[in-house]
Amino acid sequence: MTSPQEELLPGTRRALLHRIAVAQSEGRAPSLTAAVVRGGRVVWHGSRSSVDGQLPDQDVQYRIGSITKTFTAVLVLRLRDEGLLDLGDPLEKHLPGTGAGEATIAGLLAHTAGLAAESPAPWWERTPGALRPELADVLGEQPLRHPVGRRHHYSNPGYTLLGALVEEVRGAPWEDVLRREVLDPLGLDRTSARPRAPHAGGWAVHPWADVMLPEPAEDLGRMAPAGQLWSTTGDLARFAVFLTHGDDRVLSAESVREMRVPAAPAETADVADRVTYGLGLQLQHRDGRTLVGHSGSLPGFLANLTIGVEDDVAAVVLANCTSGPYPSLVGGDLIRIVAEAEPRIPEPWRPLRQVDASLLELAGPWYWGTNAFALRVTADGGVSLGPLAGGGRRSRFRSNGDGTWYGLEGYYAGELLRAERRTDGTVSHLDLGSFVFTREPYDAAAPVPGGVDPEGWRGIG
C-alpha cells in the first residue's frame with residue numbers, strides 16, 4: 001500500500017500532525033504513531049517520539065490489545081459463512097462442558113452472553129497465560145454475572161471462548177488459523193502473536209512525574225484471542241480497508257457490513273456517548289457521523305482503529321504507554337479533520353445500462369394512508385423507499401430475484417417488500433410487512449385494511 005502524502009492538502013496534513021503532536025505531548029506518551037486511510041490506501045502517516053531522531057514508521061509493531069477481538073470475530077463469521085455453525089447456536093452445541101454453554105455465539109460476539117468482564121485473579125494482562133492453562137481457569141467457578149442475552153457487558157473471557165470455538169471447529173490452534181485465514185490473505189505480514197523487531201517497548205508513565213517504568217509483555221495463553229496481537233499502522237490500515245469493503249478471500253462485503261450493525265443495546269452509562277457494539281466491532285455516533293472499529297489496551301500500550309464508513313476515511317493510532325493520550329478520541333478527530341477539510345468527492349452520476357420495465361413501473365410516489373413516500377430504483381438493481389418530506393421510516397431493499405425485495409436497514413430491516421398485481425398484470429399496491437402502499441391516498445380500488453368510506457373525501461359539512 002503506497003503512501004502518497006501529496007494526496008492531502010498541506011493544511012490538512014498540518015492539522016493531522018498538530019492533533020497527534022498534542023496527543024503525544026499532553027498524553028505524555030513515549031511515542032505515538034498514526035495513519036489515515038482514504039479511498040482504500042494510506043494518504044497520511046505521522047509520528048511523535050520522546051527520543052530525538054527516532055520516529056516510528058509504518059513498520060514498527062505495537063501491541064494492539066482488544067483490537068485482537070475483531071480478528072477473532074472475523075474467524076467466527078467465516079465459520080458461519082461456511083455453514084459450520086449458526087450465530088444463534090448455543091456454545092454448548094460446538095464446545096461442550098464450559099459451564100457457559102447456554103450463551104449463543106452471537107451473544108459472545110456482541111458481549112451480551114452475561115459473562116464476567118475479566119478472568120479470576122491474578123490480573124491476567126500482567127501475568128503469564130500459563131497460570132490459566134484451561135478454559136475453567138479463565139472462566140472461574142461462576143462464569144456468569146448477568147442473565148444470558150439481557151444486557152451488554154464487555155467480556156474478555158467471552159472472546160477466549162470464541163477462540164476456543166475456532167480451535168474446536170478447525171482442529172488447529174487459534175494463532176495458526178488466524179495466520180492462514182486472515183493475516184496471509186490480507187498481506188498482514190507485520191501482525192503477529194509475539195513481537196517481531198522492530199517493535200516498541202511498553203511503558204508506564206508516572207501520573208504525577210515525568211518518569212517511566214517498563215511494563216511486562218506477557219504471553220496471554222488461553223486469553224490470546226481477546227488481546228494477544230502485535231501490529232503496525234501499515235497492517236491495521238490494510239485491515240481497516242478490509243473492514244470497510246470486505247475481501248472475498250476472507251469475508252464478503254455483506255458479512256463485514258453485518259459486523260457493523262448494532263447487536264447489543266448501549267449501557268445506560270454509554271447512552272450519552274451513543275456507544276453500541278456490533279459483532280466484534282464498537283460503534284459510536286460522534287460529530288454527526290457513525291464511527292466503527294475497536295480500541296485496545298494492555299499494560300504499556302494503547303491502540304485504536306476507527307472507520308468513518310460514509311466518508312471512506314479510517315484512522316489508526318498506536319502509543320506505547322499504559323494511559324494518557326486516548327487514541328479513540330484522536331482517531332475520531334483525525335477522521336473529522338480529513339472529512340471536513342477535504343469532503344469526499346462523489347463518483348460521477350451515470351445512467352443505468354438497463355432496467356427492468358416492471359421495476360421502473362414501481363418508481364414514484366406511494367401513500368401509506370395519507371403519508372407520502374417515494375420509491376426509487378437504485379444503481380445496484382434494488383429500490384429505496386422513504387418519506388417524500390421530513391423524517392420517518394426509510395430503507396434500502398435488495399432484490400431477491402423473484403419480484404420481492406429484502407429490507408436492509410432501519411425499521412424495515414429484514415422485512416419483505418412486494419408488488420401485488422391484479423389479474424390483468426397491473427400493479428394494485430405494495431405490501432411491506434402487512435402495510436399497504438397505494439398510488440393515491442386510501443385508494444378505494446386497493447385492498448386497504450379496514451376499507452375506504454364509499455362516500456370518499458369530503459369537506460366539513
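Bear in mind these aren't lab numbers, they're just calculated from the coordinates by the rules spelled out. A quick note: this is a predicted structure, and the numbers were derived from the prediction, not measured. A quick note on method: Cβ atoms are made from the backbone with ideal geometry, for glycine too, and the neighbour counts reach across all protein chains shown.
What the table shows:
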quantity: On Cα atoms only, tilt of 156-170 relative to the major axis of the chain in degrees; calculated: 80
quantity: Within the stretch 5-341: Cβ-based charge dipole about Cα centre, in debye rounded to nearest 20 (Lys, Arg +1; Asp, Glu -1); calculated: 460
quantity: Ranked ARG38, ARG286, ARG394, criterion: other C-beta atoms within 10 Å, fewest first; calculated: ARG394, ARG286, ARG38
quantity: Crossing angle, helix 233-245 versus the chain [Cα axis fit, 0-90 degrees, rounded to tens]; calculated: 20
quantity: Net charge, THR378 excluded, C-beta distance under 15 Å - Lys, Arg +1, Asp, Glu -1; calculated: +2
quantity: Shape category assigned to the stretch 27-94 from the gyration tensor of Cα positions, a/c cut at 1.5; calculated: prolate
quantity: Calculated [θ] (222 nm, deg cm²/dmol) that DSSP helices of n ≥ 4 give over the chain, each run adding -39,500 (n - 2.57); calculated: -6500 deg cm²/dmol
quantity: Spatial separation of Cα centroids for the stretch 94-140 and the stretch 279-310, in angstrom; calculated: 23
quantity: Principal-axis tilt of helix 67-81 within the chain, Cα atoms, nearest 10 degrees; calculated: 50
quantity: Sequence-distant residues sharing a close amide H with VAL261 (under 5 Å, placed H); calculated: LEU279
quantity: Phi-based couplings in Hz for the stretch 195-208 (Karplus 6.51, -1.76, 1.60; Gly and Pro marked x); calculated: x, 10, 4, x, 9, 7, x, x, 10, 9, 9, 4, x, 10
quantity: Within the stretch 366-393: backbone nitrogen closer than 20 Å to the GLU409 label point (7 Å, Cα to C-beta); calculated: 373-393
quantity: Cβ-based exposure ranking for HIS294, HIS285, in which fewest neighbours within 10 Å come first; calculated: HIS285, HIS294
quantity: Relative contact order (percent, whole number), the chain, Cα cutoff 8 Å, 6+ residue spacing; calculated: 16
quantity: Under-5 Å amide H pairs with ALA372, H placed in peptide plane, nonlocal only; calculated: LEU388
quantity: Centre separation in Å (Cα based) which lies between the stretch 406-435 and the stretch 320-383; calculated: 22
quantity: Residues LEU360, LEU329, LEU109, sorted so that the one with the fewest Cβ neighbours within 10 Å comes first; calculated: LEU360, LEU329, LEU109
quantity: The stretch 5-341 shape via C-alpha gyration tensor axes, a/c threshold 1.5; calculated: prolate
